[in-house]
Amino acid sequence: MSRFLICALLMLLLTACADGPSLYRHNCSVGGEVCIELQAEEPIKIGEPVIVTIIVTSEKDISDLGISLYTDPNIIIEQEISIEEEGELTWKGQTGVDWLVEIKANDPIILTRKLYLPSGEGLFNIRAEASTPALRTGDSIRIYMTREGGKVYHSGTSIPITEGPLPTMDPSMLATLRAMPTDTPWPTLTPVKTTETPPIEVLGTPAYPPPGTPYP
């Protein structure tokens with residue numbers, strides 16, 4: 001991400017925090033003490049990594065602020081970085097990473113990671129959070145990837161697509177299925193006529209007496 005864009009984001013965050021704690025912002029804690037911004041560098045191309053940046057600001061000094069980045073299970077986070085970053089790395093995995101930082105009032109914390117999205121088209125979710133035992137806030141982005149490349153949608157922005165698979169059934173077959181009754185009645189059982197089994201004769205002697213014949 002260019003230095004100019006990072007500076008512009010910092011100015012926006014500092015201005016928002018200066019508006020006072022009474023204003024609600026989706027990426028700030030209740031009261032506005034801590035704000036977090038998640039950005040992805042564009043353009044995004046299929047098969048190339050995505051650079052994401054987390055920017056956290058605070059109105060007061062906090063010695064134990066936790067920061068987390070986590071993604072969809074199919075997005076891989078590159079953990080090895082070539083720049084020195086603030087804070088302590090407390091946990092890392094293929095799809096997430098946690099830091100513990102000491103943040104000063106109006107002195108932003110900036111963390112950067114490189115992500116690898118699955119090849120092909122799709123909608124991918126990325127989220128960052130900042131928290132202490134007393135407060136929590138987060139920000140998220142969604143990347144919609146097509147053959148032309150990826151587009152970033154920030155939290156609260158509607159995505160002009162239909163999520164999930166679209167029906168691909170032939171229209172005539174779909175109309176036929178819709179015309180079929182939805183309730184399936186139970187089948188009607190027809191009694192089967194039975195006949196009496198004749199006596200079984202063994203060596204000329206009935207196996208059992210015919211009906212009405214007294215026993216000897």
Which three numbers, in whole Å and largest first, are the semi-axes of the equivalent ellipsoid of the range 91-144 derived from its Cα gyration tensor as √(5λ)? 26, 13, 11
Excluding residues fewer than 8 positions from residue 60 in its own chain, the lysines with Cα under 18 Å of it are 104
Can you list the lysines whose alpha carbon sits under 19 Å from that of residue 92, skipping same-chain ones fewer than 8 residues off? 114
I need the P(r) histogram for the range 15-149: all alpha carbon pairs, bin width 10 Å from 0 out to the longest distance, whole percents. 12, 42, 31, 14, 1
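Bear in mind that the values in this text are calculations on the coordinates, not laboratory data. Given the structure is predicted, the values throughout are model-derived calculations rather than measurements.
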